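Engineer: Okay, here's the structure, questions in a sec.
The values are calculated or read from the model by the stated rules, or taken from the named source; none is laboratory data. Remember, predicted model here, so these are calculated numbers, not experimental data. No Cβ is skipped: glycine too gets one built from the backbone with ideal geometry, and neighbour counts run over all protein chains shown. Each accessible area value is taken on the protein alone, full model and side chains, heavy atoms only, with ligands, DNA and RNA left out. Shrake-Rupley method; radii C 1.70, N 1.55, O 1.52, S 1.80 Å.
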Amino acid sequence: MRIEEDVKLDFKDVLIRPKRSTLRSRKDVDIGREYKFKWSGRTFNGVPIIAANMDGVGTFEMARGFIKDGSGLSVALHKHYPLEKLTAFYDEHGPDSVWYSIGMVKDDEDKLEAFLKSKTHKNGKGPDKICLDVANGYSQHFVDFVARMREKLPGVTIMAGNVVTGEMVEELILAGVDIVKVGIGPGSVCTTRTMTGVGYPQLSAIIECADAAHGLGGLICADGGCTVPGDIAKAFGGGADFVMLGGMLAGHTQSEQEIVEAEGKKFLQFYGMSSDTAMKKHKGGVAEYRASEGKTVRIPYRGDVAGTLQDILGGLRSACTYVGARRLKELSRRTSFIRVTQQINPVFGQGL
Ligand code: 5GP
């Protein structure tokens, strides 16, 4: 047994130090990024915020909402849509706004294989970027899986995870990953830390993993734990190239979930993808050897996602003006974190 004594940080442990700035308004800030991916050679041009591949978040309607809004965000589609619906969506819209998700199970691989043989893909409208998602990205089996996918899909951008430490980021990048997904346990409906005691404070994970990835020409996506727009700014400030959001984008018209009314208010259900609810819905129950590592919550209905996006993107732009970053690209270079013991003044609660 060993104890690492240096303190690791979460979003709640820091604030961003303001810096002298010549920017006049948040309108002057460009929050788009352009990346060229190490392995696929493709380029990304957009706002590097991704809706998580979860029920209620990674939906077609969310992607359509983003397209309509022209915001430049993208959606990692949850992996439970049938092939016909997927090919129909990619016809209609092409691959720009979405990431095709798969786990390490045969059914997912078979579905992707069938998609690659479809007319849609042959017409150049099939998946150009995929998200390989497992709860624990530390197994050799996963590294082998990633390497096999890279060999099979040389021109496709691969995002894969999740891990939280530099050595594993390096291993995945060397195996063929363009973007490593970072985060174990910080999610809003995740119970991994409670069930297993395993995890890593998210801001430190981002800082350390970004450093490792950038050293090899790879990128990272900070996945999980953002609860307010300021957390997203801190993730980018810490070096994240992409940020993935679950809970912050849940509860909207675009969630494709039933809206229920209780005590005169509207609610939706939101749940982790390895919760009992998800496993019952998609797999017919929780497999015996594994405990559920996600929870189910009821959250207030928040209307169209456009309003939430305005808050998120406005907050991010404003953070950039506070540190004098004209472009999101400059945010990390201009970020100094200050360790704090209090974030906000709680005296009047949330306000009206
Ligand atoms: P959030 O933005 O809600 O804090 O975190 C979203 C992330 O939580 C997802 O992208 C995914 O990595 C993670 N997640 C989603 N469902 C589950 C689950 O059931 N268990 C665990 N451990 N993590 C989950």
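Engineer: (1) open to solvent by 10 Å² or more (accessible area, probe 1.4 Å); (2) over 25 Å from Thr165 (Cα atoms); (3) more than 13 Å from the ligand (Cβ to nearest atom): which one isn't true of Gly217, the others all being true?
Structural biologist: Condition not satisfied by Gly217: (2).
Engineer: Which members of the range 237-253 meet the condition of being over 20 Å from Glu170 (Cα atoms) and either in contact with a Leu (Cβ under 8 Å, 6 or more places away or on another chain) or more than 7 Å from the ligand (Cβ to nearest atom) (or both)?
Structural biologist: Gly237, Leu249, Ala250, Gly251, His252, Thr253
Engineer: Hey, among the residues in the range 194-208 that are hydrophobic (A, V, I, L, M, F, W, C) and at pLDDT 95 or above, which one's nearest to the ligand (Cβ to nearest atom)? Show your work before the answer.
Structural biologist: Filtering the range 194-208 for residues hydrophobic (A, V, I, L, M, F, W, C) gives 195, 198, 203, 205-207.
Retained after the next criterion (residues that are at pLDDT 95 or above): 198, 203, 205-207.
On the way: Val198: 10, Leu203: 13, Ala205: 12, Ile206: 13, Ile207: 18 Å.
Once the filter is applied, the top-ranked residue is Val198.
Engineer: On to the next question. Across the range 268-290, what is the number of residues that are small (Gly, Ala, Ser), at pLDDT below 95 and either within 11 Å of the ligand (Cβ to nearest atom) or open to solvent by 70 Å² or more (accessible area, probe 1.4 Å) (or both)? If you could, list the steps in order and put the result at the bottom.
Structural biologist: First pass over the range 268-290, keeping only residues small (Gly, Ala, Ser): 272, 274-275, 278, 284-285, 287.
Next, only the ones that are at pLDDT below 95 stay: 274-275, 278, 284-285, 287.
With the extra rule that they be either within 11 Å of the ligand (Cβ to nearest atom) or open to solvent by 70 Å² or more (accessible area, probe 1.4 Å) (or both), the set shrinks to 274-275, 278, 284.
Total satisfying the criteria: 4.
Engineer: Write out, first by first residue and then by second, each pair whose Cβ atoms fall under 7 Å of each other, whose residues are 6+ apart or on separate chains, and whose first residue, in the range 181-198, is in contact (Cβ under 8 Å) with a residue 24 or more places away in the chain and within 14 Å of Gly246 (Cα to Cα) while the second is more than 6 Å from the ligand (Cβ to nearest atom) and charged (D, E, K, R).
Structural biologist: Gly185/Arg193; Val189/Lys295
Engineer: Taking into account only those residues within the range 311-345 that are in a loop (DSSP other than H, G, I, E, B) and open to solvent by less than 80 Å² (accessible area, probe 1.4 Å), which is nearest to Glu208 (Cα to Cα)? Outline the logic, then answer.
Structural biologist: Taking the range 311-345 first, the residues in a loop (DSSP other than H, G, I, E, B) are 324-326, 332-336, 340-345.
Now drop any that are not open to solvent by less than 80 Å² (accessible area, probe 1.4 Å), which leaves 324-325, 332, 334-336, 340, 343.
Values: Gly324: 24, Ala325: 22, Ser332: 13, Arg334: 17, Thr335: 15, Ser336: 15, Val340: 20, Gln343: 23 Å.
Looking at the filtered set, the residue picked out is Ser332.
Engineer: Hey, another quick one. Can you spot a residue in the range 291-306 that is away from the ligand (no atom under 12 Å from the Cβ), aliphatic (A, V, I, L, M) and under 21 Å from the mean Cα position of the chain (by Cα)?
Structural biologist: Initially, the range 291-306 is screened for residues away from the ligand (no atom under 12 Å from the Cβ), giving 298, 300-306.
Among the residues that remain, those that are also aliphatic (A, V, I, L, M) are: 305-306.
Next, only the ones that are under 21 Å from the mean Cα position of the chain (by Cα) stay: 305-306.
Yes: one or more hits.
Engineer: Show the residue pairs that are 6+ apart or on different chains and have beta-carbon atoms under 8 Å apart, the first residue being within the range 145-168 and under 22 Å from Asp96 (Cα atoms), the second being among the acidic types (Asp, Glu) and surrounded by 24 or more Cβ atoms within 10 Å (Cβ to Cβ).
Structural biologist: Thr157/Asp178; Ile158/Asp178; Met159/Asp178; Ala160/Asp133; Gly161/Asp133; Gly161/Asp223
Engineer: Gln257 passes all but one of (1) over 19 Å from the mean Cα position of the chain (by Cα); (2) more than 16 Å from Asn53 (Cα to Cα); (3) at pLDDT 95 or above; which number fails?
Structural biologist: (2)
Engineer: Is it true that Val260 is among the hydrophobic types (A, V, I, L, M, F, W, C) and under 17 Å from Asp10 (Cα atoms)?
Structural biologist: Considered against the rule, which asks whether it is among the hydrophobic types (A, V, I, L, M, F, W, C) and under 17 Å from Asp10 (Cα atoms), Val260 comes out as no.
Residue-wise test of (1) within 30 Å of Val75 (Cβ to Cβ); (2) exposed (fewer than 14 other Cβ atoms within 10 Å of the Cβ).
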position: Glu5; (1), (2): no, yes
position: Phe11; (1), (2): yes, no
position: Ile16; (1), (2): yes, no
position: Arg20; (1), (2): no, yes
position: Arg24; (1), (2): no, yes
position: Tyr35; (1), (2): yes, no
position: Ser40; (1), (2): yes, no
position: Thr43; (1), (2): yes, yes
position: Gly46; (1), (2): yes, no
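Engineer: Could you tell me whether any residue of the range 11-25 is within 16 Å of the ligand (Cβ to nearest atom) and within 25 Å of Ile207 (Cα to Cα)?
Structural biologist: Yes, because at least one residue in the range 11-25 is within 16 Å of the ligand (Cβ to nearest atom) and within 25 Å of Ile207 (Cα to Cα).
Engineer: Follow-up. Quick one: Ala212 ticks every box in (1) open to solvent by less than 60 Å² (accessible area, probe 1.4 Å); (2) closer than 23 Å to Asn45 by Cβ; (3) away from the ligand (no atom under 15 Å from the Cβ) bar one, so which box is it?
Structural biologist: Every listed condition holds for Ala212 apart from (2).
Engineer: Which count do you get for residues in the range 297-332 that are without any contact (Cβ under 8 Å) to a residue 40 or more places away in the chain and closer than 16 Å to Arg17 by Cα? Give the derivation first.
Structural biologist: Quick first cut of the range 297-332, residues without any contact (Cβ under 8 Å) to a residue 40 or more places away in the chain only: 298, 307, 310, 330.
After this cut, where a residue has to be closer than 16 Å to Arg17 by Cα as well, the list is 330.
Looking only at that region, the number is 1.
Engineer: Find all pairs meeting these conditions: Cβ atoms under 9 angstrom apart; at least six residues apart or on different chains; first residue within the range 268-291 and of a type in the set (Val, Ile, Thr); second residue assigned to a loop (DSSP other than H, G, I, E, B) and modelled with pLDDT under 90.
Structural biologist: Filtered contacts from the range 268-291: Thr277/Ser292; Val286/Ser292.
Engineer: Got at least one residue in the range 171-193 being among the hydroxyl-bearing types (Ser, Thr, Tyr), open to solvent by less than 60 Å² (accessible area, probe 1.4 Å) and more than 8 Å from the ligand (Cβ to nearest atom)? Step through it out loud before you land on a result.
Structural biologist: Here is the first cut: in the range 171-193, the residues among the hydroxyl-bearing types (Ser, Thr, Tyr) are 188, 191-192.
From what's left, open to solvent by less than 60 Å² (accessible area, probe 1.4 Å): 191-192.
So of that shortlist, the ones also more than 8 Å from the ligand (Cβ to nearest atom) come out as none.
The answer is no; no qualifying residue exists.
Engineer: For the range 55-94, which positions are of a type in the set (D, E, K, R) and either within 22 Å of Phe270 (Cα to Cα) or surrounded by 16 or more Cβ atoms within 10 Å (Cβ to Cβ) (or both)?
Structural biologist: From the range 55-94, those of a type in the set (D, E, K, R) are 55, 61, 64, 68-69, 79, 84-85, 91-92; that's our starting set.
Answer for the range 55-94, where residues must be of a type in the set (D, E, K, R) and either within 22 Å of Phe270 (Cα to Cα) or surrounded by 16 or more Cβ atoms within 10 Å (Cβ to Cβ) (or both): Asp55, Glu61, Arg64, Lys79.
Engineer: Right, something else. Working only within the range 224-266, note down all residues that are open to solvent by 30 Å² or more (accessible area, probe 1.4 Å) and in a strand (DSSP E or B).
Structural biologist: Correct list: Ile259, Val260, Glu261, Lys265, Lys266.
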